[in-house]
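J.: Below you will find the structure I want to go over with you.
Nothing in this text is a laboratory measurement; each read-out follows from the coordinates by a stated rule. Given the structure is predicted, the values throughout are model-derived calculations rather than measurements. Here the Cβ positions follow ideal geometry from the backbone for every residue, glycine too, while neighbour counts run over all protein chains shown.
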Amino acid sequence: MAQLMTLDDLRRILVACAGEDDGIDLTGDILDTAFEDLGYDSLALMESAARIKQEYGVDLSDDDVADVETPRALLDIVNGAVPSTP
């Protein structure tokens, strides 16, 4: 069975891929906060998508990454996807 991605997992990936802006608190309730408000742009999300594929086997399309606006939406996509075969 595939491992579900948690908000803590996503926080770890976001920080590893793009860093954490000093003015942004990723430890709070960020599920419905827009990535733009968290300081993450499309490039940071593409980096995060590559890490998600590596760790969870979920290949997010460029359209998925471009359309996702919040951590909750990204978690829903990742956790609802069927992992690609290695």
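J.: Based on Cα positions only, what radius of gyration and what Dmax would you give for region 4-71, in angstroms?
T.: Values for region 4-71 (Cα only, Rg and Dmax): 11.1, 32 Å.
J.: Summing +1 for each Lys or Arg and -1 for each Asp or Glu, what net charge is found among the other residues whose Cβ lies under 10 Å from the Cβ of ARG12?
T.: Net of charged neighbours comes to -1.
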